[in-house]
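The values are calculated or read from the model by the stated rules, or taken from the named source; none is laboratory data. Worth saying up front: this structure is predicted, and the values here are computed from it rather than measured. Heads up, the Cβs are rebuilt from the backbone with ideal geometry, glycines too, and the neighbour counts pull from every protein chain shown.
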Amino acid sequence: MEKRTVQSVTNPGLPGHQVQLGADQPLRLDCGVELSDFTVAYQTYGTLNADKSNAIMICHALTGDQFVAEPHPLTGKDGWWDLMVGPGKTLDTNRYFIICSNILGGCMGTIGPKEINPATGKPWNLDFPVITMADIVRAQAMLLDHLGIDKLFAVIGGSIGGMQVLEWASMYPERLFAAVPIATAAHHSAQNIAFHEVGRQAIIADPDWQGGDYLSQGVRPHRGLAVARMTAHITYLSEQALAEKFGRQLQDRDAITYGFDADFQVESYLRHQGSTFVDRFDANSYLYITRATDYFDLAGKHGGVLANAFKDTPVRFCVISFTSDWLYPTQESREIVHALNAVAANVSFAEIVSDKGHDSFLLDEPEFNRVLGGFLKGAAEHGGLSW
Amino acid sequence: MMNESQRKAIRVDLQLIADMIDPGTRVLDIGCGDGSLLDYLSNFKQVDGRGIELSSEGVNACVAAGLSVIQGDADTDLKDYPDNAFDFVILSQTLQAMYAPKVVLEQLLRIGRRAIISFPNFAHWRYRLYLLLNGRMPVNEHLPFEWYDTPNIHFCTIKDFVILCREMDIHIERSRSLNHDGTSRRISASLFAANLFGEQAVFLLKK
């Protein structure tokens, strides 16, 4: 396959790898559109061993990206899984070759609504085809082909990254040895679709969204995107975490002001989360990726029976949930486990006690690290991987 | 993972169970605790082992040790498995804690070609004597719970269990009772000696 970078065209100055995929064999999306010659941006950490058996694909969450374990080029903050990935860490880069690509529809170098449509010379905007979790995973599999890796040692991801893990195991069971879906579900619930819809409507209601054409107009729907982020951010935490962190404490003042300023610390915190988010994320990308998540229903694709998605699976699974996660509660992980049991799959399942809500998988949770590390070590022993 | 010396030191009752399992088979250990039996079976009998455990401490320890164990409850989580998914299904020291032991027993023999059940024998002479002399529910090192906080809600005797198997048309392939001194013996047809002197019992069952 011909490799050519398009840094000079679409993503000037973006560090890391970029590759053009689909020039020979286009990616046929679930919606019927074919994507050919599209960019995927990705990062790798560690070294691929001689027999190419130590590769782990990390699937990032809704607003994550490929900068897993290094300072982010836009924000300068640590990589989103810096606690987990690195030399000597649970995902030990001295042992594993870690791959993470920006998902299809994303806005950190991989093709998405803000990239230029070659047919028009303008950003795709809403002409970008609506994508699905399966499409995202198909693009990742094409990246794997490009890297010359037949089989991954593991695919790991939290939240909608976990949905990608489930799609991987379902679509390409022969291409991964182990699958670790974390804090996720086999379908997006009505409540979660509802929260996403609030976020999307906030973006669409912002006059600066301009029917999706804000890039050409030189504006950004910052207010709408910030509100979307604020709403979503609440779902990533837990009531207990909010109570402990903020309670009803006031922000830099001794008394309430009888106005609509951010009197409370929690308001100030959310406004900060919203305002920093818009600097690094594209509003249309947010629409497309939340939609892909809403559409995700693995059982629906398999005659309404989730177990059918994993029939005769050779994959070794480790399902992990967190007690205080109300976005993807443990019960939804348990449904995955029951489906895997129904096909007598090799599955481990641990519910980690944490009061930090859905975001627990991104935070310093020693028990989570111990369980994940132990699972990978056991899988490595069974998979004949040694160092 | 455990080291060799720890592995050899599995409890006597677990060793009795391990001795009934053929090498290289598919095994499900229900109520697998910290995974010591599964670990032993994986290493010494090369089984394809899985476990179910209720306590998150036990589950986390097992998964962290590389064992395939899920957090779950035998009363509710067995119905998902397909028929004959395993060669052996083990329920050790757990039957008496089940909400519906008979249903669980049916499930074990549905999902496993064989089932291995171990339980404390409530007809052991010490329990009989304790009850006779003290007039109170027996509490000892094996059964350390008071009646009001015990997880063991369905105690039975060796005789009770054999009668239940007969009622359910379950074939007992092998059975052993474990005495206080750690020795074990085959349970004879009369049941009398085993039911009086056996502190624990292990049964290998087949449909």
Answer from B:P151, B:P138 - the residue that is of a type outside the set (D, E) and under 18 Å from B:G31 (Cβ atoms): B:P151
Residues that are more than 7 Å from chain A (Cβ to nearest Cβ) and buried (at least 23 other Cβ atoms within 10 Å of the Cβ), drawn from the range B:53-63: B:E53, B:C62
The lone exception for A:W387 - which of (1) aromatic (F, W, Y); (2) surrounded by fewer than 17 Cβ atoms within 10 Å (Cβ to Cβ); (3) within 14 Å of chain B (Cβ to nearest Cβ) it fails: (3)
Filtered residue count, the range B:172-207, keeping only those that are in contact (Cβ under 8 Å) with a residue 24 or more places away in the chain, outside any strand (DSSP E or B), over 12 Å from B:T157 (Cα atoms) and of a type in the set (S, T, N, Q): 0
Count of residues meeting criterion [part of a helix (DSSP H, G or I) and without any contact (Cβ under 8 Å) to a residue 40 or more places away in the chain] in the range B:150-171: 6
Among the candidates B:R126, B:R50, residue that is basic (K, R) and closer than 24 Å to A:P181 by Cβ: B:R50
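Matching residues to (1) under 30 Å from B:F86 (Cβ atoms); (2) buried (at least 19 other Cβ atoms within 10 Å of the Cβ); (3) of a type outside the set (G, A, S):
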| position | (1), (2), (3) |
| --- | --- |
| A:R280 | no, no, yes |
| A:L287 | no, yes, yes |
| A:T290 | no, yes, yes |
| A:N308 | yes, no, yes |
Residue within the range A:59-81 that is assigned to a loop (DSSP other than H, G, I, E, B), modelled with pLDDT of 95 or more, under 21 Å from A:E381 (Cβ atoms) and in the same structural domain as A:V180 (by TED's automatic domain parsing) present: no
Flag for A:K114 being among the charged types (D, E, K, R), within 30 Å of A:T231 (Cβ to Cβ) and assigned to a loop (DSSP other than H, G, I, E, B): yes
Within the range B:40-52, considering residues that are within 11 Å of another protein chain (Cβ to nearest Cβ) and over 16 Å from the mean Cα position of the chain (by Cα), the one nearest to B:V104 (Cα to Cα): B:D48
Hits in the range A:302-329 (condition: more than 22 Å from B:D34 (Cβ to Cβ) and within 11 Å of another protein chain (Cβ to nearest Cβ)): A:L306, A:A307, A:K311
Some residue of the range A:242-257 being polar (S, T, N, Q) and either touching a Cys at 6+ places or on another chain (Cβ under 9 Å) or closer than 29 Å to A:F361 by Cα (or both): yes
Selection from the range A:340-367 of residues that are facing chain B (nearest Cβ under 9 Å), hydrophobic (A, V, I, L, M, F, W, C) and in contact with a strand residue (DSSP E or B) (Cβ under 9 Å, 6 or more places away or on another chain): A:L340, A:A344, A:V347, A:F349, A:A350, A:I352, A:V353
Sole exception among (1) out of contact with any Pro (no Cβ under 8 Å at 6 or more places or on another chain); (2) under 21 Å from A:I182 (Cα atoms); (3) among the hydrophobic types (A, V, I, L, M, F, W, C) for A:F67, by number: (1)
Cross-chain or 6+ apart pairs with Cβ under 7 Å, the range A:164-192 first and within 22 Å of A:D325 (Cβ to Cβ) and among the acidic types (D, E), then surrounded by fewer than 24 Cβ atoms within 10 Å (Cβ to Cβ) and modelled with pLDDT of 95 or more: A:E167/A:A134
Test: A:F277 is closer than 29 Å to A:K114 by Cβ, more than 9 Å from chain B (Cβ to nearest Cβ), in contact (Cβ under 8 Å) with a residue 24 or more places away in the chain and of a type in the set (F, W, Y): yes
The range B:64-103 - residue that is polar (S, T, N, Q) and under 22 Å from B:N43 (Cβ atoms) and, of those, nearest to the other protein chains (Cβ to nearest Cβ): B:S68
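Yes/no per residue for (1) surrounded by fewer than 24 Cβ atoms within 10 Å (Cβ to Cβ); (2) assigned to a loop (DSSP other than H, G, I, E, B); (3) not assigned by TED's automatic domain parsing to the domain that holds A:V68:
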{"site": "A:I131", "(1), (2), (3)": "no, yes, no"}
{"site": "A:L143", "(1), (2), (3)": "yes, no, no"}
{"site": "A:D150", "(1), (2), (3)": "yes, yes, no"}
{"site": "A:L166", "(1), (2), (3)": "no, no, no"}
{"site": "A:E197", "(1), (2), (3)": "yes, no, yes"}
{"site": "A:Q201", "(1), (2), (3)": "yes, no, yes"}
{"site": "A:I204", "(1), (2), (3)": "yes, no, yes"}
Boolean, A:L376 is within 23 Å of the chain's Cα centre (by Cα) and within 11 Å of chain B (Cβ to nearest Cβ): yes
